[in-house]
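Visitor: Provided herewith is a single structure, encoded as C-alpha cells, for subsequent inquiry.
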Amino acid sequence: MMAPSPSSSGADAINTPTSLTQRNGQTLTESNMAAVHDDAETPSQKSRWKRYFGRGGNLRPFRLLRHDMRNLKSRYVSDWTLFNQQVVASAVYIFFTNILPGITFASDLYTLTGQSWGTIEIVLSTGLCGIIFALFSCQPLTILGITGPFTVLAENIYELSTTHFNIKFLPVMAWTLIHAGWMHYLLAIFNAHDWTMKYVTHFSADIFSLLNSVIYFHKAAMELKRTHSRVSLAAFLYAVIGAVGTCLLAIALSTAQHWKPLFHRYVRLLLTEYAAAISIILWIGIPYIGELKELDHVKLEVQTTFRPTSPGRSTFFVEFWDLPIEWVFLSMIPGAIVTVLFYFDHEISSIICTVQRYGVKKRGGFAWDVFLLGTTTIMCGIMGIPPANGLLPQAPLHSESLLHYVPEEDDAVPDDEKHDQKIEGEVQEAQGVRLVARTYEQRYSHFIQAGGILLFISPPFQRLLGLTQTSVLAGLFLFMGYQSLSVNPILTRLAYLVTPASELPELPYGVTWMGVHGFTVSQIILTGIVFGVTLTVAAPAFPLIIIALVPMRLTLMRKMWSKETLRMVDGWACRDGKPEDEDEGMVVSEEMTGSTDEEKGKSA
C-alpha cells in the first residue's frame, strides 16, 4: 500500500504572488494560475487512487482471486492424496450432523413457504452445494447447509410476496438469489475479505461459536416441546430418555480412547471416531424393540417421490422471467440482505474451522469461496431450492473430527503418513514429548458426506430416513451443542469465575483476574443479547450485531481493560498477532504509566 507522497507544488502555488510564478523554468501569468494549482494536487490524488486500486491495494480488482487461484492450484492434488479411517469417521459424523438438522428446517419451510419447499429441496441443495464445494472450493473444511436465519428470511419474503402483493414466491426468491449471487461476485472481485474480516478478533468469533452452542441446546428443547404437544405422556417420557441417552452415549463413546486398558487400542479409536453415528443408529433402533414399538413416536417427515414438494411444480426449475419487471428490481433489497447474511455466515464459519488450535497448515481462499458461493446461490435460485452456505457448528466440528496430534519433531512429516501417530503421540506424551495439533486437510470427508446426503433424494433412502425419531434428533442437537461448547475458550475462562482466588494461576504483569472475568462476562452477556434477537422477527439481521462487535472490541473494550489483559485473552482471528501490538495511536505506553484494569474501570 503506497502512502501519499508530499507535494510542495501545492504549497508554492498558494504562497506565490498572483502576478508571476516560476514553475519548472517557465514563467506563468495570473491567467493560468488555476491550472497550475489543479496540476499541483494531481500527485496526491494519484497516490490515493493507487492506495486503493494500485498493485496491492484493498480495492484492486481480482487481487485476492488471483492469489486464491494460486493457493488452490498448490494444494489441490495433495488434498486428494490423504485418506484414512479417521477421514471416513469424520464424513459419517458430519453426514448425520448435517442432514438431520436440515430435515427439521425442511418441516419448518414446508409450513412457512406454503409447501413451496420441503425435504427433497433441502436434501438436494445440501448435497449438491456440498459436492461443488468439496470439488472446487479453496477451503474444503467449511461445511455447507441450510441455516436457521435463512428460513426466517424466506418466511418473511413469502409472506410479503404472496399475502401483501399477490406475487409468486419462487420467481421472487429466484431473483433475490440471482441478485445475491452477483453481489457475492462484487465482494470477491473487490477483496471484501481484506477490508471486513481483517479486523475480526477471537472476541467476536468465540461469541459466535457460543451462540451456536446455545442455539442447538434451544433447538433440542423446542424439538421435545413439539413432541410433547403431539404424543401421549408415555411417548413423551421416552422421547426425553431417547434425547438424553443419544447425547450421553455419544459423549461417553467419544472418550473411549482414554478407556485403557479396556479393549484393544484400535477398538477404542473406532468407538471414539464413530461415537455419534453409533449412538444415533442404536437409539433409532431401540423404539422398534418390544413394547416400545407400540408408542406413538414422532418421526421425521419425508417424501417418497423424486419431485418438487409443491403440487404445482413438476421439475426443479423456476420460470424466473415470469415476474413483473418492477419486482425484478425490488428483489435486489432482499438480495442484499441475503448477501450480508451469507457472506458473514460463510466467512465466520471458515475462520472458526481454521483457527490456530486446529493446526491448519494449507492456505485457503476466502475470495474464491465467496465467488463460488455466489455461483451456487444463483444455481439454487434458478432450480427453485433453498441455497446452502457455511454452517456453524458443523464447520468447526468437521475440523474437530479431523484433529490429531503429532510429536513436534515429526511435524514436517506429510499428512498422509501421520494417521497412526495419533495413538503413538498419546503414549509419548507421558515421556515428556511435546505434541502439536494438526488437522487432516483433504476433500474426501466433505465429498463423502455431501454425496451421502445427495443419495437421500431417492425414494428408498427417503423411507429409510423416515425411520428416525425426533427424539434422536433432539439428542443430536444436544451433542452438537456440547461439542461446540467444549472447545470454546469462553468455557475455560468461565470455570475460572467459580475457582477460589487462592487456586487461580498467577498472571503476567499488568493483567488482573478482575479484567479477565469482566471480559468473559461481557462475552456471555453479549451472546445472550444476540440469542434474544434470533428469537424475534429480526433474526435475519443477527449477523449485523456480530459485525458491530468488531468495532466495539477495537474501541470500547480498550477503554475498559488494560492492554496486557486484552493481549492475553484475545487476538486476531484471521492473522497472527494481537490488536494491541498494532496500536500505533497509543501516545503513552500503559506499561510506563502502570495502567491496570481497576484504573481503566474507574476512568470508563
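The values are calculated or read from the model by the stated rules, or taken from the named source; none is laboratory data. Owing to the predicted nature of the structure, the values given are computational and were not obtained by experimental measurement. Cβ sites come from the backbone with ideal geometry, for glycine too, and all protein chains shown count toward neighbours. Side chains are part of the model used for accessible areas, which takes the heavy atoms of the whole protein and leaves out ligands, DNA and RNA. Shrake-Rupley method; radii C 1.70, N 1.55, O 1.52, S 1.80 Å.
Visitor: Take the residue pairs Lys260/Lys362; Lys225/Lys293; Lys198/Lys563 and return only those whose Cα atoms are more than 24 Å apart. Mind dumping the intermediate values first?
Guide: Numbers: Lys260/Lys362 34 Å; Lys225/Lys293 21 Å; Lys198/Lys563 20 Å.
Long pairs (Cα-Cα over 24 Å): Lys260/Lys362.
Visitor: If r is the Cβ-Cβ distance from Leu233 to Phe531 and R0 is 41 Å, what FRET efficiency results, to the nearest 0.05? Don't skip to the answer; put the middle values down first.
Guide: On the way: r = 30 Å, r/R0 = 0.74.
With R0 = 41 Å, the Cβ-Cβ based efficiency is 0.85.
Visitor: Once the piece of chain linking His218 and Phe263 is laid out straight, how much longer is it, given 0.36 nm per residue of separation minus the C-alpha distance between them? If you can, show how the numbers build up before the last one.
Guide: Values: separation 45, 0.36 × 45 = 16.20 nm, distance 3.63 nm.
Residue separation times 0.36 nm, minus the Cα-Cα distance, leaves 12.6 nm.
Visitor: Quick check: with the 1.4 Å probe, what order do Ser314, Ser116 take by accessible area, largest first? Each step should come with its number before you reach the end.
Guide: Values: Ser314 90, Ser116 15 Å².
Accessible-area ranking of Ser314, Ser116, largest first: Ser314, Ser116.
Visitor: Between Asn71 and Asn166, how many nm apart are label points set 7 Å from Cα along the C-beta direction?
Guide: 5.1 nm
Visitor: R0 = 60 Å: FRET efficiency of Leu135 with Tyr509, Cβ-based, nearest 0.05?
Guide: Details: r = 51 Å, r/R0 = 0.85.
Efficiency computed from Cβ-Cβ geometry: 0.70.
Visitor: Moving to a separate point now. Given a Förster distance of 35 angstrom, what is the FRET efficiency for Trp195 paired with Tyr496, based on the Cβ-Cβ distance and rounded to 0.05? If you can, show how the numbers build up before the last one.
Guide: Numbers: r = 36 Å, r/R0 = 1.01.
Between Trp195 and Tyr496 the formula returns 0.50.
Visitor: What length, rounded to one decimal in nm, is gained on full extension from Lys293 through to Phe461, with 0.36 nm per residue of separation minus their alpha-carbon distance? If you can, show how the numbers build up before the last one.
Guide: Working: separation 168, 0.36 × 168 = 60.48 nm, distance 2.14 nm.
Result for the pair: 58.3 nm of gain on full extension.
Visitor: Could you do me a favour and compute the accessible area per residue for region 65-116, 1.4 Å probe, result in Å²? Could you put the intermediate results ahead of the total?
Guide: Working: 2050 Å² over 52 residues.
Accessible area per residue: 39 Å².
Visitor: On full extension of the chain, what length is gained from Leu248 through Trp321, given 0.36 nm per residue of separation minus the C-alpha to C-alpha distance?
Guide: Working it through step by step, the gained length comes to 21.1 nm.
Visitor: Sorted by accessible area (1.4 Å probe), largest first, how do His202, His398 line up?
Guide: On the way: His202 50, His398 0 Å².
Descending order: His202, His398.
Visitor: Along Cα→Cβ, 7 Å out, is where each label goes; now give me the distance between the ones at Thr111 and Leu59 in nm to one decimal.
Guide: 4.7 nm
Visitor: If you plug each phi of region 448-454 into the Karplus form 6.51 cos²θ - 1.76 cosθ + 1.60 with θ = phi - 60°, what whole-Hz ³J(HN,Hα) values come out, in order, with x for Gly and Pro?
Guide: For region 448-454, the Karplus-derived couplings read 5, 5, 5, x, x, 5, 5 Hz, x marking Gly and Pro.
Visitor: Might you work out the accessible area of Leu491 for me, using a 1.4 Å probe with all protein chains in place, and round it to the nearest 10 Å²?
Guide: Counting only protein heavy atoms, Leu491 exposes about 70 Å² to solvent.
Visitor: If you don't mind, there's one more thing I want to ask. Once both labels are modelled 7 Å past Cα along the beta-carbon direction, what's the Ala336-Met552 spacing in nm?
Guide: 2.4 nm
Visitor: Can I ask one more? Sort Thr499, Thr305 by accessible area with a 1.4 Å probe, largest first. Don't skip to the end; give the middle numbers.
Guide: Details: Thr499 45, Thr305 70 Å².
Descending order: Thr305, Thr499.
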